[in-house]
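The values are calculated or read from the model by the stated rules, or taken from the named source; none is laboratory data. Computed from a predicted structure; not experimentally measured. A quick note on method: Cβ atoms are made from the backbone with ideal geometry, for glycine too, and the neighbour counts reach across all protein chains shown.
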Amino acid sequence: MKPLIVINFKAYESATGKGAVALAKAAGEVAKKEKVTIIAAVQAADVYRVSQESEIDVFAQHIDTADYGAHTGATLAETVKAAGAKGTLINHSEKTLELKEIEKAVAKAHFLGLKTIVCVGSASQAKAVAAFTPDYIAIEPPELIGGDISVSRANPAIISDTVKRVRHVSATTDILVGAGVKDKLDVDKALELGAVGVLLASHITQAKVPKEAIMNLLKD
Ligand code: G3P
């Protein structure tokens, strides 16, 4: 099975503005060559630009649950969709929401036809959000984010536990694995434990040659 690869551009300078376009294009080249799906989760302000200028699907990194109206500074699901987003991350550990808000954000995104990736830090939180039937739940232990040791290596049990708990609640939600992911071993281990792909950031956004770093997820 080919892994789904979601690259979270976060707010890294290298993955912002023109850099975001360049990174998405590099990811697009790998996606085409290796016949894999790669998604770019970019800052809201970059959704339009990256979706216009690259071929891969673009997700927003966050949506608020506000509807049209007097909500200065809000990131509306409607607006990211109109800008070209095909989906959104929700509740990343660097942009968390209350459980009720997660439910509302998932429902709203689905109503608008946006795919959803809800990030969680534990298997029990995964079980709780599975009730909202997001398309994906990404298990990312916060203490491993940005580090060198992947969750697949440091805590494989949390992945299998998440897969098991989510399966009991939602048959349509797939699992992604994130935090410290950097190479094919990490990706293979994630798939072996029941996930369908990975969500990663620093090892791509901070790489000297991002295209090679993306390729390293697929080739030994
Ligand atoms: O959303 C991806 C994430 O938080 C993992 O970050 O830098 O450990 O790949 P990183």
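Quick check on residue 129: is it crowded, with 24+ Cβ neighbours inside 10 Å, aliphatic (A, V, I, L, M), within 16 Å of the ligand (Cβ to nearest atom) and in a loop (DSSP other than H, G, I, E, B)?
no
Does at least one position in the stretch 70-88 carry a residue that is over 16 Å from residue 42 (Cβ atoms), out of contact with any Asp or Glu (no Cβ under 9 Å at 6 or more places or on another chain) and of a type in the set (Lys, Arg)?
no
Go through 191, 114 for me and flag whichever is away from the ligand (no atom under 16 Å from the Cβ) and in contact (Cβ under 8 Å) with a residue 60 or more places away in the chain.
191 is the lone residue from the list that is away from the ligand (no atom under 16 Å from the Cβ) and in contact (Cβ under 8 Å) with a residue 60 or more places away in the chain.
Give me a count of the residues in the stretch 1-24 that are assigned to a helix (DSSP H, G or I) and either of a type in the set (Gly, Ala, Ser) or crowded, with 18+ Cβ neighbours inside 10 Å (or both).
Of the residues in the stretch 1-24, 8 are assigned to a helix (DSSP H, G or I) and either of a type in the set (Gly, Ala, Ser) or crowded, with 18+ Cβ neighbours inside 10 Å (or both).
Within the bounds of the stretch 67-84, is there any residue that is within 15 Å of the chain's Cα centre (by Cα) and either assigned to a loop (DSSP other than H, G, I, E, B) or at pLDDT below 95 (or both)?
Within the stretch 67-84, not a single residue is within 15 Å of the chain's Cα centre (by Cα) and either assigned to a loop (DSSP other than H, G, I, E, B) or at pLDDT below 95 (or both).
Table: residues versus (1) in contact with a strand residue (DSSP E or B) (Cβ under 7 Å, 6 or more places away or on another chain); (2) of a type in the set (A, V, I, L, M); (3) free of Cβ contacts under 8 Å to residues at least 12 places away in the same chain.
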| site | (1), (2), (3) |
| --- | --- |
| 47 | yes, yes, no |
| 62 | yes, no, no |
| 83 | no, yes, no |
| 89 | yes, yes, no |
| 104 | no, no, no |
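Checking residue 94 against (1) within 15 Å of the ligand (Cβ to nearest atom); (2) on the phi > 0 side of the Ramachandran plot; (3) surrounded by fewer than 23 Cβ atoms within 10 Å (Cβ to Cβ); (4) of a type outside the set (Val, Ile, Thr): exactly one of these is not met. Which one?
The number of the failed condition is (2).
With the checklist (1) within 21 Å of residue 10 (Cβ to Cβ); (2) within 16 Å of the ligand (Cβ to nearest atom); (3) touching a helix residue (DSSP H, G or I) at 6+ places or on another chain (Cβ under 9 Å); (4) in contact (Cβ under 8 Å) with a residue 12 or more places away in the chain in hand, flag the one item residue 109 doesn't pass.
(2)
Might you let me know whether the stretch 172-190 holds any residue that is modelled with pLDDT of 95 or more, more than 15 Å from the chain's Cα centre (by Cα), within 20 Å of residue 39 (Cβ to Cβ) and of a type in the set (Ser, Thr, Tyr)?
yes
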